[in-house]
Amino acid sequence: MVDLRKVTTGKLKLGKRILIYGQEGIGKTTFAAGAGRVLFLDLDRGSGEISIQHRVSGIDSWDEVLAWADAAVNGETKIDFDAIAIDSATKLESMIHLHLLANNPTATIEDYGSGSEKGYGRGTTATVQQLRILLEKLERIRAKGKHVIFTGHSVVRKFEDPKSTGWERYE
């Protein structure tokens with residue numbers, strides 16, 4: 001049976017999804033922190049020189065990130081915020097990898113899985129599955145009209161072409 005209470009008209013007041021991506025030191029964190037009343041999850045611990053009203057430092061694990069997202073969704077933070085910022089997606093990815101490899105800390109994400117579950121791309125697939133858990137929580141925050149901000153770091157690497165001159169590329 002359909003629920004007719006889910007039918008709406010007009011525009012929805014959804015928060016924005018924002019990704020601030022760039023090289024180190026260009027002001028990504030400062031920009032995110034300036035988005036009004038921000039619940040700022042400082043995974044990189046690089047915002048110390050910036051005045052932020054609601055900074056959460058010392059998040060050390062993927063489970064803690066998910067717990068803060070749950071608290072923000074459910075209003076358990078007791079903080080009135082207009083945006084949630086995660087600084088940075090780069091650090092978030094490494095937290096997911098550490099979570100997935102908790103039983104084998106010397107392995108890399110390419111080594112993820114065991115037995116028939118091990119193979120090319122399995123670690124990347126598992127990482128994406130974990131990230132989707134967080135994104136679902138953040139979508140619930142966004143549905144309340146709050147913005148979701150990620151920062152991400154680009155890396156410039158030299159590519160050496162054996163048949164031509166090398167060049168630098170962004171990764």
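The values are calculated or read from the model by the stated rules, or taken from the named source; none is laboratory data. Quick caveat: nothing in here was measured; it's all calculated off a predicted structure. A quick note on method: Cβ atoms are made from the backbone with ideal geometry, for glycine too, and the neighbour counts reach across all protein chains shown. In case anyone asks, the SASA skips ligands and DNA or RNA and just uses the protein heavy atoms, side chains included. Shrake-Rupley method; radii C 1.70, N 1.55, O 1.52, S 1.80 Å.
Can you list the residues, at least 5 places off or on another chain, whose amide H is less than 5 Å from the amide H of Gly152, using H built in the peptide plane?
The list, which skips near neighbours in sequence, is Ile20, Tyr21, Gly22, Ala89.
Using a Gaussian network for the chain with springs between C-alpha atoms less than 10 Å apart, which of these wobbles most: Thr90, Thr124, Thr106?
Top of the fluctuation ranking is Thr106.
Give a residue-ordered list of calculated ³J(HN,Hα) values for segment 154-162 (Karplus: 6.51 cos²θ - 1.76 cosθ + 1.60, θ = phi - 60°; whole Hz; x for Gly, Pro).
Those phi angles translate into 8, 10, 9, 10, 7, 10, 9, 8, x Hz.
Place the peptides 37-48, 15-26 in order of packing, highest mean first, counting for every residue the other Cβ atoms within 10 Å and averaging per peptide.
Values: 37-48: 18.7, 15-26: 13.4.
Descending packing order for the listed peptides: 37-48, 15-26.
Identify, among Phe40, Thr165, Gly58, the residue whose Cα sits farthest towards the positive end of the charge dipole of the chain, taking +1 on the Cβ of Lys and Arg and -1 on the Cβ of Asp and Glu, with the dipole about the Cα centre.
Working it through, the farthest residue towards the positive pole turns out to be Phe40.
Please report, in debye to the nearest 20, how large the charge dipole of the chain is about its Cα centre when each Lys and Arg carries +1 at its beta carbon and each Asp and Glu carries -1 there.
Roughly 900 debye, rounded to the nearest 20.
Leaving out ligands and nucleic acids, note down the accessible area per residue over the chain with a 1.4 angstrom probe, in whole Å².
67 Å²
Could you identify which residue out of Ala85, Ala32, Ala67 has the top mean-square fluctuation in a GNM of the chain using Cα springs shorter than 10 Å?
With Cα springs under 10 Å in the chain, the top fluctuation among Ala85, Ala32, Ala67 is at Ala67.
Using +1 at the Cβ of each Lys and Arg and -1 at the Cβ of each Asp and Glu in the chain, identify which of Ala143, His97, Gln129 lies farthest towards the dipole's positive end.
Ala143
Taking only Cα atoms and a 10 Å spring cutoff, compute GNM fluctuations for the chain and point out the largest among Val128, Val65, Val148.
Looking only at Val128, Val65, Val148, the largest GNM fluctuation is found for Val128.
Helix-only estimate, please: 222 nm mean residue ellipticity of the chain, summing -39500 (n - 2.57) across DSSP H runs of length 4 or more and dividing by its residues, to the nearest 500.
About -9500 deg cm²/dmol.
Quick check on segment 103-171: take the gyration tensor over C-alpha atoms, sort the square-rooted eigenvalues as a ≥ b ≥ c, and tell me if it's rounded (a/c under 1.5), prolate or oblate.
Oblate shape, in that a/c is at least 1.5 and b/c is the bigger or equal ratio.
Between segment 42-78 and segment 5-21, how far is it from one alpha carbon centroid to the other, in angstrom?
First find each Cα centre; the distance between them is then 23 Å.
Rg and Dmax in Å for the chain, alpha carbons only: what are they?
Cα-based Rg and Dmax for the chain come out at 19.1, 64 Å.
Using the alpha-carbon atoms, what tilt in degrees (0 to 90, nearest 10) does helix 89-100 show relative to the longest principal axis of the chain?
Helix 89-100 sits roughly 80 degrees off the main axis of the chain.
Can you send over the carbon and sulfur percentage of the accessible area for the chain, probe radius 1.4 Å, protein chains only?
Result for the chain: 52 percent of the exposed heavy-atom area is carbon or sulfur.
Which pairs break 18 Å Cα to Cα here: Lys16/Lys144; Lys28/Lys137; Lys6/Lys78; Lys91/Lys146?
Those over the limit are Lys28/Lys137; Lys6/Lys78; Lys91/Lys146.
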